[in-house]
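Everything below concerns the one structure shown next.
Nothing in this text is a laboratory measurement; each read-out follows from the coordinates by a stated rule. Note that this is a predicted model, so its numbers are computed, not measured. Cβ placement follows ideal geometry from the backbone for every residue including glycine, while neighbour counts extend to all protein chains displayed.
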Amino acid sequence: EVQLVESGGGLVKPGGSLRLSCAASGFTFSSYSMNWVRQAPGKGLEWVSSISSSSSYIYYADSVKGRFTISRDNAKNSLYLQMNSLRAEDTAVYYCARDAGGWYGVEYFQHWGQGTLVTVSS
Amino acid sequence: QSVLTQPPSVSAAPGQKVTISCSGSSSNIGNNYVSWYQQLPGTAPKLLIYENNKRPSGIPDRFSGSKSGTSATLGITGLQTGDEADYYCGTWDSSLSAGEWVFGGGTKLTVL
């Protein structure tokens, strides 16, 4: 069974940093692209970033480009999101999602974690 | 404002059928597969339809998807109260040099 468990969320001040992690199990992690998708309170889904299976292709939404960095460690079956220069509008539940593919672009989000809440507030 | 346009809400009675539209452009729906996600209240999203019209294992055939040109449609027949949820369409958009994934704004389904 595919399992994705996010961690690292919490309360942070504007301008601060936070690192999210996603521990994956139940599948061959190194074969699949991975993604971060967020959802602000009471709002819709917003794609944040994607990384291909071997980290060759990395994509960011314009809203986070230059502030967030996605990475993965295939030896540890883990996905990360380093978030810097955080703003109030980054407040959201952040979901880790496994792609159906492993290479270029995003095919679709086949499996989702339960999410971790990030709150940016002074 | 989302790149993909969905109606904010739809409603129908139990047992009835409902459709949810998702409108885009040639840079997204027109040239890429569409997937649909169901988000029950207080839970994480779940894949409902992929590659326009395919259902993952475990998804009942009451749920169907279709695509024509730059629009896609999710259909749900035999509505049940347990279908009350938010539904999102999504696809890859290649209008930017690097590409990006885009979601619709979401549609809230109410089963009256």
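Quick notes on this one:
- Here B:Phe103, A:Phe29, A:Phe109 are placed in order of increasing Cβ neighbour count within 10 Å, fewest first, which gives A:Phe29, B:Phe103, A:Phe109.
- Fewest-first sequence of A:Ile70, A:Ile58 by Cβ atoms within 10 Å of each Cβ: A:Ile58, A:Ile70
- Beta bridges by DSSP in chain A, antiparallel share as percent, to the nearest 5: 95 percent
- Listed by Cβ neighbour count within 10 Å, with the fewest neighbours leading, B:Ser94, A:Ser33, A:Ser17 appear as A:Ser17, B:Ser94, A:Ser33.
- Using a Förster distance of 45 Å, the FRET efficiency for B:Thr110-A:Phe27 (Cβ separation, nearest 0.05): 0.80
- Kirkwood Rh and Cα Rg combined as Rg/Rh, chain A: 0.95
- Estimated FRET transfer efficiency when R0 is 25 angstrom, pair A:Gln3-B:Lys54 (beta carbons, to 0.05): 0.60
- Dipole magnitude of chain A about its Cα centre (Cβ charges: Lys, Arg +1; Asp, Glu -1), debye to nearest 20: 320 debye
- Between A:Gln114 and A:Arg19, the simple label model (points 7 Å from Cα in the Cβ direction) yields a spacing of 2.4 nm.
- This model, with +1 at the C-beta of Lys and Arg and -1 at the C-beta of Asp and Glu, gives the range A:37-95 a dipole about its Cα centre of some 80 debye.
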